[in-house]
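> The structure follows.
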Amino acid sequence: MSKGPAALVREEIRALAAYHVANAEGLVKLDAMENPYRLPEALAREMGDRLARVAINRYPDPAAPGLKRRLREAMDIPDRLEVLLGNGSDEILQVVSMALARPGATVVAPEPSFAMYRMSAVACGLGYHGVALRPDFTLDEEALLAAIAKHRPALTWIAYPNNPTGNLFPREAILRIVAAAPGLVVVDEAYYAFSGGASLLSEVGRHPNLLLVRTVSKLGLAGLRLGLAIGTPEWLRELEKLRLPYNVNALSMAAGELLLDHREVLEEQTRRIVADRARLEAALDAIARIERFPSAANFVLVRVPDALSAFEALKGRGILVRNFHGSHPLLAHCLRLTVGTAEENDRLLEALAAAVA
Ligand SMILES: Cc1ncc(COP(=O)(O)O)c(C=O)c1O
């Protein structure tokens, strides 16, 4: 009998494809919703000095009081709520999925949405049911409520704003879903900084089954790998048991503390990205044969006549975006364009106009 992975690894894991990260070497990187700006020179140097003093011979303090205090300040998290740190919010998604993976339990999420909802469900042995958005990517509330009534999910994911579509679902609809769901509803606010203040933070703690997830990745700190869950002490006490003891490393902790002390730098970059998003959207609307979807995030989803040829044409001009054609029927010929610097956006627009001409 074989003792190799084909015989021993669970079928559903073998059927998965690993999360794909494109090689971006030498390309303008507009594929992963990163903030395009580096730190100012002086701040980067200060970070270097600070990191040089970190005692990396020691394990980090898992309670991370300094980092949590700064995250609370930066995100206006009320004292009545707790914070759980993750190695990126990706890890939080996995911790939540693990906690709820009773035998036979299922997960429901609108689709298309963030790929890791399904990945982490499968990884943890949970059943998964995607509920299609409407063709214009608005939430099909009736279908979602029907799926919740049918599958009785232990966990429902709502990305607010949604990725890869960029839009915000109606707040009242999300609250109706929270009320109807028998299980936990996690609102994933990875893009909250670009949403013009739209957030369900004030609702956390008012419902026994609502948890919020955020990240500093999209604020300009994707390389640190730092995400957080925000919820009641009752929920986070349970999730804390599944967090690996030293999941956030000492260097990320120290850098996070310093950079959140200078968060005006990140906030200014975020404001610039929001302003440039509006310019990008207006310029996209002026290109014939491009359908542009509304965005409350740091990226814009568009539909072009032929996504693969447009993707390749952009790449040929040194620009990497994300091609979603083939990943979900609703995303036929869709490209997701991360908002870059003004100069990068201009290059993108010129190349895209040429590609669809
Ligand atoms: C909706 C959503 N949630 C979570 C994440 C994960 O972010 P990170 O692990 O960098 O915190 C992403 C990343 O693209 C995302 O789009």
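> Residues to consider are V131, V107; find the one that is closer than 22 Å to S327 by Cβ, open to solvent by less than 10 Å² (accessible area, probe 1.4 Å) and more than 17 Å from the chain's Cα centre (by Cα).
When all the criteria are applied, what remains is V107.
> Exactly one of these conditions fails for P182: (1) within 16 Å of the ligand (Cβ to nearest atom); (2) farther than 30 Å from R38 by Cα. Give me its number.
(1)
> Check whether at least one residue in segment 285-299 is within 20 Å of the chain's Cα centre (by Cα), surrounded by fewer than 17 Cβ atoms within 10 Å (Cβ to Cβ) and at pLDDT 95 or above, and report yes or no.
yes
> Something else about it: Could you tell me which residue of segment 74-103 is nearest to the ligand (Cβ to nearest atom), considering only residues that are farther than 22 Å from S202 by Cβ and open to solvent by 40 Å² or more (accessible area, probe 1.4 Å)?
For segment 74-103, the residue satisfying everything is D90.
> Another question, then. Here are some conditions: (1) open to solvent by 30 Å² or more (accessible area, probe 1.4 Å); (2) not assigned by TED's automatic domain parsing to the domain that holds D188. N249 meets all but one. Which one does it not meet?
Answer for N249: the failing condition is (2).
> Which pairs turn up if I take residues in segment 337-353 that are among the charged types (D, E, K, R) and look for partners that are open to solvent by 30 Å² or more (accessible area, probe 1.4 Å) with beta carbon separation below 8 Å, at least 6 apart in sequence or on another chain?
Listed by first residue and then by second, the contacts come to E344/P36; R347/R317.
> Let me ask something else. Output the number of the condition that K150 fails; it satisfies all remaining conditions of (1) more than 28 Å from V302 (Cα to Cα); (2) of a type outside the set (V, I, T); (3) open to solvent by less than 50 Å² (accessible area, probe 1.4 Å).
Every condition holds for K150 apart from (3).
> Here is a list: L16, L39. Which entry is among the hydrophobic types (A, V, I, L, M, F, W, C), within 18 Å of F114 (Cα to Cα), part of a loop (DSSP other than H, G, I, E, B) and open to solvent by less than 50 Å² (accessible area, probe 1.4 Å)? Steps first, please.
Values: L39 fails: within 18 Å of F114 (Cα to Cα).
Of L16, L39, the one residue that is among the hydrophobic types (A, V, I, L, M, F, W, C), within 18 Å of F114 (Cα to Cα), part of a loop (DSSP other than H, G, I, E, B) and open to solvent by less than 50 Å² (accessible area, probe 1.4 Å) is L16.
> Taking into account only those residues within segment 117-127 that are surrounded by fewer than 22 Cβ atoms within 10 Å (Cβ to Cβ) and in contact with a helix residue (DSSP H, G or I) (Cβ under 9 Å, 6 or more places away or on another chain), which is farthest from A250 (Cα to Cα)? Before you say what the answer is, go through the steps one by one.
Step one: of segment 117-127, the residues surrounded by fewer than 22 Cβ atoms within 10 Å (Cβ to Cβ) are 118-119, 122-125, 127.
Still in the running and in contact with a helix residue (DSSP H, G or I) (Cβ under 9 Å, 6 or more places away or on another chain): 119, 122-125, 127.
On the way: M119: 28, V122: 31, A123: 28, C124: 28, G125: 32, G127: 36 Å.
This residue is G127.
> On to the next question. Taking segment 313-340, which residues are outside any strand (DSSP E or B) and either crowded, with 21+ Cβ neighbours inside 10 Å or in the same structural domain as R134 (by TED's automatic domain parsing) (or both)?
Kept after step one, since they are outside any strand (DSSP E or B), are these residues of segment 313-340: 313-318, 321, 324-333, 339-340.
Listed by number, the residues that qualify are L314, V321, F324, L331, V339, G340.
> Considering only residues that are more than 16 Å from the ligand (Cβ to nearest atom) and either of a type in the set (D, E) or touching a residue at least 60 places away in the same chain (Cβ under 8 Å) (or both), which ones fall in segment 206-230?
none
> Looking at segment 132-169, which of its residues are within 16 Å of the ligand (Cβ to nearest atom) and on the phi > 0 side of the Ramachandran plot? So that I can check it myself, show each step before the final result.
Initially, segment 132-169 is screened for residues within 16 Å of the ligand (Cβ to nearest atom), giving 133, 137, 139, 155-169.
Those that are within 16 Å of the ligand (Cβ to nearest atom) and on the phi > 0 side of the Ramachandran plot: F137, G166.
> Of all the residues that make up segment 298-308, how many are within 30 Å of L221 (Cβ to Cβ), assigned to a loop (DSSP other than H, G, I, E, B) and without any contact (Cβ under 8 Å) to a residue 60 or more places away in the chain?
Adding up the residues that qualify gives 0.
> Let me ask something else. For segment 65-106, name all the residues that are outside any helix (DSSP H, G or I) and touching a helix residue (DSSP H, G or I) at 6+ places or on another chain (Cβ under 6 Å).
Restricting attention to segment 65-106, the residues satisfying the condition of being outside any helix (DSSP H, G or I) are 76-88, 101-106.
If the condition is that a residue be outside any helix (DSSP H, G or I) and touching a helix residue (DSSP H, G or I) at 6+ places or on another chain (Cβ under 6 Å), then E82, V83, L84, G86, T106 are the ones that fit.
> What number of residues in segment 309-327 are free of Cβ contacts under 8 Å to residues at least 24 places away in the same chain and over 24 Å from the mean Cα position of the chain (by Cα)?
Filtering segment 309-327 down to residues free of Cβ contacts under 8 Å to residues at least 24 places away in the same chain leaves 312, 316, 323, 325-326.
From the residues that got through so far, the ones that are over 24 Å from the mean Cα position of the chain (by Cα) too are 312, 316.
Total satisfying the criteria: 2.
> Here is a follow-up. I'd like the full set of residues that are within 18 Å of L85 (Cβ to Cβ), assigned to a helix (DSSP H, G or I) and within 12 Å of the ligand (Cβ to nearest atom), limited to segment 185-205.
Answer for segment 185-205, where residues must be within 18 Å of L85 (Cβ to Cβ), assigned to a helix (DSSP H, G or I) and within 12 Å of the ligand (Cβ to nearest atom): just Y192.
The values are calculated or read from the model by the stated rules, or taken from the named source; none is laboratory data. These figures come from a predicted structure and were not determined experimentally. Using ideal geometry, Cβ is built from the backbone for each residue, glycine included, and neighbour counts are taken over all protein chains shown. Protein only, heavy atoms only, side chains kept; ligands, DNA and RNA dropped before computing areas. Shrake-Rupley method; radii C 1.70, N 1.55, O 1.52, S 1.80 Å.
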